[in-house]
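Below is one structure, written out as structure tokens, with a few remarks after it.
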Amino acid sequence: MMIFVFNFKSSMRSIILVISIILLSNNIFAQNNGKISGKVLDKQHAIEYASVTLSSKGDSTKVLHFEASDSLGKFVFKNLETGSYLMKVKLIGYKTISEPVVLSKEKNEIEFNNLQLITESNNSLSEVVVTAQKKLIEKTSEGFVVNAASNITQIGGTATDLLKVTPTISVDNDGVITLRGKTPLILINGRNSKLSNTDQIPASSIESIEVINNGSSKYDANAESGIINIKLKKNKQTGTNGAIALGGGLGSRGRVNSSLLLNHKSGKFNFGIGYDNRFAGRTRKIESNRTNFNLVDAYYINQNRNDKRVEQLQNLKFNADYTVNEYNTISFEAIGNMEGQDNDEDLLSVIGKQNKAFASANDRHSFEYERVKVGEFALSYAKTYKESKKTLNASLTSSIDNGRQNTDILTQNLKEDLSNLGAMQTQRTHNYETGIISNAIVDYSIPTSTNGVFETGYKGVFRSIKSDYLTADKIGNAFVTNTIASNVFNFNEQVQALYTQYHDAFGGTVNEPNWNYALGLRAEQVNNNGETTTQSTRFTNSYLKLFPTANLAYLINQNESVRLSYGKRINRPNLGQLNPFVDITDILSPHSGNPNLKPEIIDAYELSYNKGISKYTVTTSIFFRHSINAIRSFYTQQANGAILNMPMNIGNTDNYGVESMLIGKPFKFYDFNLSATLFQQKINASNILEDAVQSSMNWNGKMINNFNLNKGSKLQIIGNYISPRTTPQGEMFALYNMDLAYQQKLGKSNFRMNFIIVDAFNTLKSGYNSYTNVFSVYRSQKSDTRAFMITLAYSFKAALKEKMLENKFSSEY
């Protein structure tokens, strides 16, 4: 924690300056206040817990205010600005009421005394409550949100598994996540975190996944293709309530998972605790065939690898909220995470000469034990004002991790008939990593006119990481450290940012503008340094960069709009890419970081079109991204025939293409989401190798199908395809699979049973082909991706209110 205190102090002047400016500007702009009230009825009976929302007439997809009707059916919105709103009244089992509302200086109070809800079916209220659930996809002004609870195919998995079935996101079999062919920034609850490794997060602990394709200046610039914000569950139901789930299944080996959620809200206090775990056995087979055109005695290298792995994952979360009054809230959150992997790996390597004669062979057996512990703490403060668009938010967070990886390696040389040759060689390696990431954030917004809003803020991100890598060879009865292959790498980084943004609307009428725009500028000062204890690697960087953003939207009508956006982004190399240590688990296919990497600079342009037609909504975007100093993995041949995998600044890349998403509900029992991304990727790495220039068309697509078969039952079918993808030196294999899930409510109880088949046809197989003028490589990998799971979930003392509110942000078809 001392590191956090030091880093925090170093940013205090910036924070105090921003807060001072914010507080001084509180009274600059005067606003008119308004009031909208009403009563929701079913004939002459008052309706409680109806969801009432207000959105801007200029952007009806974004909810500005939310209320729920009380036991008398009444609701009220106070302290509203003058302007044009769209009010919607929703309740599961009833048709939605939509009412345009205009507040002016002359008429700033409007009352609806007879909002009559009309039922959609003859189901009783109790039956409707049972089937209440959130929509899978919710559109936002900057992208979309996927509600994790609505995806039943990945129950018992991890955040990585959820991302695999999230529209427009691609995840390969090694867990590499991309948006439109490039790497996104991953946030946890809106903040930088040591939990950004998505394999560390159980799917059962996730509330939603937000995808932002081209964010405003408010967001980190270090997001070359967009932002993925993983929001963890946080219950706010009144009273004491909770849920429990148990699951088990079988792939090639067994898998079990469980979760428990408890929450209590009373008066001004809200407390919640959650626990999730996941234990799974895995197997994997890898085949690699390599040809070294320039090495006569190591011309052919053929490798076969078999892995058996046991994974364990546990997550504990606590949250507390205190509502001081209607304008001020203080929140605290603590997360404890423990991840473990035990990997038993056998690697057979056979080397042949150019004349196909036998050269050498060995069997390399390794036992890897990894344990990672993460503790994360967050304190936040939220303030609202009588003016609805005026807000102040501040937070301090710190995420600490301690990782230990120990590997024992036994290497046996072999004869041509694969019998033992000589004595076995024994090695040990360890990779110990400790680190801390701290965030200090202040965001402030204030309205300047009927539709204008000015935003500003500060964010400081402070990283301090120590990586200790050791290799030792057994000589006699003792292990002797290999000083050439052992070292300690220390990395420190401070990123301090100030941003401003102004957005407003014009055209049409004052209360119903049809144009809106946003202009922003973000300034980021970066200071980082890294060094090894032997001083073999040492670097220091300090630079200030500006990142402008612009957004222009035209509302053709309430169901149709066009948006044009631009943003300048940066891709700063992370610790794994900078760490110079060479991993020798596979001595013929080692990999390492590159401390000489420079940041990648990206210019991103996007034109999108959105239209709602009856029961369908379609969004189509045309995008272009140009990158300078692009960072990509690059393979280099070593003197012994080994191929070193190391990230490099390969030069320039261009990505341009089209992305579409179609959401539809053609029948009462069936809805779907179809998404596809088609893009041309041009890679020019001629600054490294003359022949490393590639250009190809890439595409990926997903289709999510939901069938509500009868009361309390649901069938979900998800299909996924990722085309072959271009690399600087070759091409990665296509990936395709199908997941199935069936959910059934048991009688009139709160029990639900889920039957899940992941990769139903066992088609997920990854790999790549690489080819240069000195070598070619074919590598394929097949894990036990097909698995069968059964889970049982039970919710208890769940307040009716929360069930009724689950659809409050659902988009209309």
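Here's the yes/no breakdown for (1) more than 30 Å from Gly730 (Cα to Cα); (2) assigned to a strand (DSSP E or B); (3) open to solvent by less than 40 Å² (accessible area, probe 1.4 Å):
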residue	(1), (2), (3)
Leu261	yes, yes, no
Lys265	yes, yes, no
Asp276	yes, yes, yes
Gly281	yes, yes, yes
Ile286	no, yes, yes
Arg290	no, yes, yes
message = What are the pairs with Cβ atoms under 8 angstrom where one residue, in region 366-391, is crowded, with 16+ Cβ neighbours inside 10 Å and the other, located anywhere, is acidic (Asp, Glu) and in a loop (DSSP other than H, G, I, E, B)? Sequence gap at least six, or different chains.
response = Thr384/Glu326; Glu387/Glu81; Ser388/Glu81; Lys389/Glu81
ask   = Going through region 187-204 one residue at a time, which ones are at pLDDT below 85, in a loop (DSSP other than H, G, I, E, B) and open to solvent by 20 Å² or more (accessible area, probe 1.4 Å)?
value = Lys194, Ser196, Asn197
message = Looking at Lys568, Lys668, can you tell me which residue is surrounded by fewer than 19 Cβ atoms within 10 Å (Cβ to Cβ) and touching an Asp or Glu at 6+ places or on another chain (Cβ under 8 Å)?
response = Lys568
message = Return the residues of region 577-607 that are outside any loop (DSSP other than H, G, I, E, B) and under 21 Å from Asn490 (Cα atoms); say none if nothing qualifies.
response = Gln577, Leu578, Val582, Asp583, His591, Ser592
message = Which of the numbered conditions does Gly507 fail, given that it passes all the others? Conditions: (1) surrounded by fewer than 16 Cβ atoms within 10 Å (Cβ to Cβ); (2) within 30 Å of Met424 (Cβ to Cβ); (3) touching a Pro at 6+ places or on another chain (Cβ under 9 Å).
response = (2)
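For the condition modelled with pLDDT of 85 or more, farther than 19 Å from Ile704 by Cβ, among the small types (Gly, Ala, Ser) and open to solvent by 30 Å² or more (accessible area, probe 1.4 Å), what is the one hit in Ser121, Ser141, Ser126, Ser98?
The match here is Ser98.
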query = Got a sec? Which of Lys748, Lys782 is more than 23 Å from Ser258 (Cβ to Cβ) and part of a loop (DSSP other than H, G, I, E, B)?
reply = Lys748
query = Being under 35 Å from the mean Cα position of the chain (by Cα), within 22 Å of Asp583 (Cα to Cα) and open to solvent by 70 Å² or more (accessible area, probe 1.4 Å), is that true of even one residue in region 523-534?
reply = yes
request  = For Leu662, indicate whether it is within 30 Å of Leu597 (Cα to Cα) and open to solvent by 10 Å² or more (accessible area, probe 1.4 Å).
outcome  = no
query = Right, Asn610: assigned to a strand (DSSP E or B) and open to solvent by less than 30 Å² (accessible area, probe 1.4 Å) or not?
reply = no
query = Is it the case that some residue within region 310-318 is in contact with an Asp or Glu (Cβ under 6 Å, 6 or more places away or on another chain) and not hydrophobic (A, V, I, L, M, F, W, C)?
reply = yes
Matching entry among Asn754, Asn706 (being in contact with an Asp or Glu (Cβ under 6 Å, 6 or more places away or on another chain), touching a residue at least 60 places away in the same chain (Cβ under 8 Å) and under 24 Å from Ala243 (Cβ atoms)) = Asn706
query = Taking only pairs six or more apart or across chains, which ones have beta-carbon atoms under 8 Å, a first residue in region 222-235 that is closer than 14 Å to Gly190 by Cα, and a second residue that is of a type in the set (S, T, N, Q) and part of a loop (DSSP other than H, G, I, E, B)?
reply = Gly226/Asn213; Gly226/Asn214; Asn229/Asn189; Ile230/Asn189; Lys231/Asn189; Leu232/Asn189
key: Selection from region 410-430 of residues that are open to solvent by 40 Å² or more (accessible area, probe 1.4 Å), touching a Lys or Arg at 6+ places or on another chain (Cβ under 8 Å) and in a strand (DSSP E or B)   = Leu410, Gln425, Arg428
request  = Scan region 146-164 and give yes if some residue there is without any contact (Cβ under 8 Å) to a residue 40 or more places away in the chain and on the phi > 0 side of the Ramachandran plot, otherwise no.
outcome  = no
key: Residue under evaluation Met804, criteria (1) open to solvent by less than 50 Å² (accessible area, probe 1.4 Å); (2) outside any loop (DSSP other than H, G, I, E, B); (3) modelled with pLDDT of 90 or more, criterion not met   = (3)
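This table checks each residue for (1) at pLDDT 50 or above; (2) exposed (fewer than 15 other Cβ atoms within 10 Å of the Cβ); (3) in a strand (DSSP E or B); (4) not basic (Lys, Arg).
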{"position": "Lys35", "(1), (2), (3), (4)": "yes, yes, yes, no"}
{"position": "Lys39", "(1), (2), (3), (4)": "yes, no, yes, no"}
{"position": "Tyr49", "(1), (2), (3), (4)": "yes, no, no, yes"}
{"position": "Leu54", "(1), (2), (3), (4)": "yes, no, yes, yes"}
query = Taking region 719-742 as the region of interest, how many residues are open to solvent by 20 Å² or more (accessible area, probe 1.4 Å) and either hydrophobic (A, V, I, L, M, F, W, C) or at positive phi (or both)?
reply = 5
request  = Please state which one of Ser388, Ser438 is over 19 Å from Asp583 (Cβ atoms) and either part of a loop (DSSP other than H, G, I, E, B) or out of contact with any strand residue (DSSP E or B) (no Cβ under 8 Å at 6 or more places or on another chain) (or both).
outcome  = Ser388
inquiry  = I'm checking my understanding of the structure. Among residues of region 308-351 that are closer than 24 Å to Arg371 by Cβ and among the β-branched types (Val, Ile, Thr), which one is least open to solvent (accessible area, probe 1.4 Å)?
reply    = Ile335
key: Residue count, region 250-298 (criterion: at pLDDT 90 or above and on the phi > 0 side of the Ramachandran plot)   = 0
message = When you check Asn294 against the structure, is it touching a strand residue (DSSP E or B) at 6+ places or on another chain (Cβ under 9 Å), touching a residue at least 40 places away in the same chain (Cβ under 8 Å), polar (S, T, N, Q) and open to solvent by 20 Å² or more (accessible area, probe 1.4 Å), yes or no?
response = yes
note = Taking region 209-249 and keeping residues closer than 15 Å to Asn571 by Cβ, charged (D, E, K, R) and open to solvent by 30 Å² or more (accessible area, probe 1.4 Å) leaves none
ask   = Does any residue of region 163-186 turn out to be at pLDDT 85 or above, closer than 13 Å to Ile230 by Cβ, polar (S, T, N, Q) and part of a loop (DSSP other than H, G, I, E, B)?
value = yes
query = Any residue in region 221-233 that is within 20 Å of Asn315 (Cβ to Cβ), touching a Gly at 6+ places or on another chain (Cβ under 7 Å) and not aliphatic (A, V, I, L, M)?
reply = yes
request  = Run Asn257 past the list (1) in a loop (DSSP other than H, G, I, E, B); (2) surrounded by 21 or more Cβ atoms within 10 Å (Cβ to Cβ) and report the number of the one that doesn't hold.
outcome  = (1)
inquiry  = Given the criteria charged (D, E, K, R) and not in a strand (DSSP E or B), does Glu207 qualify?
reply    = no
So Gly530, is it touching a Leu at 6+ places or on another chain (Cβ under 7 Å) and either in a strand (DSSP E or B) or farther than 27 Å from Gln501 by Cβ (or both) = yes
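The values are calculated or read from the model by the stated rules, or taken from the named source; none is laboratory data. Keep in mind it's a predicted model, so treat the numbers as computed, not measured. With ideal geometry, Cβ positions are generated from the backbone for all residues, glycine too; neighbour counts draw on all protein chains shown. In case anyone asks, the SASA skips ligands and DNA or RNA and just uses the protein heavy atoms, side chains included. Shrake-Rupley method; radii C 1.70, N 1.55, O 1.52, S 1.80 Å.
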